[in-house]
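Notes to accompany the following structure.
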């Protein structure tokens with residue numbers, strides 16, 4: 001089974017990834033593949049966005065490139081058209097190398113990659129806005145305008161009615177509050193999800209209203225969208 005891992009900016013997706021890796025799952029970080037794709041397609045990126053996105057060493061400065069594309073749909077679409085085909089090819093090669101072992105695909109824009117159609121389950125990581133804002137300042141040290149663009153780029157996440165929500169994969173929510181003592185709850189939540197995936201969850205498959213699920217209180221099927229609250 002291939003499990004997708006996605007989530008909001010600074011919600012703690014990479015931390016969840018490390019916990020899954022600790023449990024023996026191979027993890028593919030699509031952001032790292034993005035670095036490689038930028039290197040491979042550097043000439044095309046410079047042709048499209050100009051030499052202003054280059055660092056003094058002649059390589060693409062991803063932070064400068066980010067300033068150009070974040071919050072600008074046309075520019076972001078152009079960049080994705082250049083790098084996503086390369087990322088898809090690299091991801092496909094990695095998945096083949098796993099030889100059918102269960103593995104994790106860690107990607108912020110999971111629904112935009114070709115591997116999306118192969119997913120058996122999707123884990124979505126969320127966190128309260130103030131927590132994510134604090135983490136973003138501490139981790140990325142971006143200016144107010146850049147931070148605003150990052151948050152605005154995910155204002156409609158999860159994209160209801162889009163490819164993510166219409167996926168045939170089971171969808172699970174992890175809320176990462178970041179408060180003291182929450183690590184144990186995260187560990188339990190992950191173990192509960194994995195238990196459900198690999199041993200089945202016969203209970204709760206009937207339609208019901210789940211206030212904390214991906215449906216946000218809409219009627220949903222627990223076998224499709226499962227929220228664990230510990």
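Any residue in the stretch 176-187 that is assigned to a loop (DSSP other than H, G, I, E, B) sitting within a Cβ distance under 9 Å of a residue that is at pLDDT 70 or above and loosely packed, with under 13 Cβ neighbours inside 10 Å? List the pairs, counting only those 6 or more apart or interchain.
Partner pairs satisfying both residue conditions: none exist.
Scan the helices (runs of 4 or more DSSP H) fully inside the stretch 26-138 and keep the ones with 2 or more residues being farther than 15 Å from residue 4 by Cα and at pLDDT 95 or above. Step through it out loud before you land on a result.
On the way: elements: 30-40, 42-49, 62-69, 73-97.
Ranges flagged: 30-40, 42-49, 73-97.
The values are calculated or read from the model by the stated rules, or taken from the named source; none is laboratory data. Everything numeric here is computed off the predicted structure, so don't read it as measured data. Virtual Cβ from ideal backbone geometry, glycine too; neighbours counted across all protein chains shown.
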